[in-house]
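Undergrad: This is the structure I want to talk about, given as structure tokens.
Where a number appears in this text, it was derived from the coordinates with a stated rule and is not lab data. Please read these numbers as outputs of a predicted model, since none were measured by experiment. With ideal geometry, Cβ positions are generated from the backbone for all residues, glycine too; neighbour counts draw on all protein chains shown.
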Amino acid sequence: MTKLQYLMIPLVVWYGYLAVGQMKVWAGPVEFYSYNMKYGQSWGMYQNLCYEQIKLGRYGEAVGNCKKAAESGEPVAYNTLGVLWERLGSVSDAEGEYKLAVKAYPKFYPAWKNLVSMYVKQKRWDEALAAAERLVEIDPSSWEYRLMVGKVYWLQGNKMEAENNFEMVGKMAGDKSEVDQVIEEVKNNR
């Protein structure tokens, strides 16, 4: 290495530190995305900013960014906006966003899972069961989705169908002890 190359090392390090500092990387994700929005506003930037604001509990700030992300028509943006509406207590708006997500991409399982969870909380058993069965159609090899179907049946009071599904789950899952524990939690309404 030449003397000039040795002299350039601190300059390169200083320039890199300055460039990273200017992008607000060290300030945190919200500050990073907010700062970089002035260079281009893609739906992904709005989505990331929305997601980070939700994680921090800054729901009021997240609404505008989530709405801008959802304008893209991307299912993940609709789903995130649905999560936000649910946390703000607007269940009907949340349901609408989840439905937009699965309309945009019918196999988008996170929105289907959110629909199942929301319907169960509201004791809307038929809709919860339909959404859970849709998850099984999307991925028939998933014991977790089959377990959701069993859970809905159990909570609905249809113990025989629930037990049939739990039996299928036991055959599908690799770790029987984990499955037994989860099924026991469902049966004890936890």
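Undergrad: Could you run the Karplus curve 6.51 cos²θ - 1.76 cosθ + 1.60 with θ = phi - 60° over segment 60-67 and give me ³J(HN,Hα) per residue in whole Hz, x for Gly and Pro?
TA: x, 5, 6, 3, x, 5, 5, 5
Undergrad: Write out the GluC sites (Glu not before Pro) in segment 87-190 meeting two conditions: DSSP loop, and at most 15 other Cβ atoms within 10 Å of their Cβ.
TA: none
Undergrad: Treat the count of other C-beta atoms within 10 Å as a stand-in for reagent exposure and order I54, I138 from fewest to most. Walk me through the numbers on the way to the answer.
TA: Details: I54 20, I138 15.
By the 10 Å Cβ count, ascending, the order reads I138, I54.
Undergrad: Taking other Cβ within 10 Å of each residue's Cβ, how do K176, K151 sort, fewest first? Don't jump to the answer; show the numbers that get you there.
TA: Details: K176 11, K151 25.
With the fewest neighbours first, K176, K151 line up as K176, K151.
Undergrad: Lys pairs in segment 61-190, Cα-Cα under 20 Å, at least 8 apart or on separate chains: how many?
TA: Here the count comes out as 27.
Undergrad: Counting other beta carbons within 10 Å of each Cβ, put L115, L56 in order, fewest first.
TA: On the way: L115 26, L56 13.
With the sparsest Cβ surroundings first, the list reads L56, L115.
Undergrad: So, one more: I need the phi-derived Karplus couplings for segment 172-183: 6.51 cos²θ - 1.76 cosθ + 1.60, θ = phi - 60°, integer Hz, Gly and Pro marked x.
TA: Result, rounded to whole Hz: 7, 7, x, 9, 4, 5, 5, 5, 4, 5, 5, 4.
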